[in-house]
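Coordinate-derived values only; no laboratory data. The shown structure was predicted, so the numbers you read here are calculated from the model rather than taken from an experiment. Note that we place each Cβ from the backbone using ideal geometry, even for glycine, and neighbour counts take in every protein chain shown.
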Amino acid sequence: MEEKLKELQELRRMQEELEAEITAAQEAIKAAMEAQGVDTLTAGPYRVTWKPVTSTRIDTAALRKALPEVWREYGKTTTVRRFVVA
């Protein structure tokens, strides 16, 4: 089991490195798009879009405070199992 946990720790470290590299590549592409003043970019077979998206969501904390009876009626409780390696 100790070997599996060691392997998991190494894979997570590699994942963090890859995520940092992915973020850096994305930021470089976004910077290039911003410099060109475009929200759509075509490069070879690739088409990249970087456009604003607006969404509306319910502020559950405000709802709970302002209308606790509605919150109790429509609130949904879920249970999950959290996997932690320390």
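Suppose the filter is closer than 30 Å to residue 26 by Cα and not acidic (Asp, Glu); does residue 80 pass it? Write out each step before concluding.
Details: closer than 30 Å to residue 26 by Cα: no; not acidic (Asp, Glu): yes.
No; evaluated as a whole, the condition is false for this residue.
What are the pairs, 6+ residues apart or on separate chains, where a residue within the stretch 58-81 that is free of Cβ contacts under 8 Å to residues at least 40 places away in the same chain has its Cβ under 8 Å from a residue that is surrounded by 10 or more Cβ atoms within 10 Å (Cβ to Cβ) and among the basic types (Lys, Arg)?
Going by the 8 Å Cβ cut-off, the qualifying pairs are 71/64; 75/64.
Restricting the stretch 50-86 to residues that are of a type in the set (Val, Ile, Thr) and surrounded by 10 or more Cβ atoms within 10 Å (Cβ to Cβ), which is nearest to the chain's Cα centre (by Cα)?
60
List every residue pair whose Cβ atoms sit under 9 Å apart, with the two residues 6 or more apart in sequence or on different chains, where the first one lies in the stretch 18-39 and is under 12 Å from residue 50 (Cβ atoms) and the second, anywhere, is among the basic types (Lys, Arg) and in a loop (DSSP other than H, G, I, E, B).
39/51
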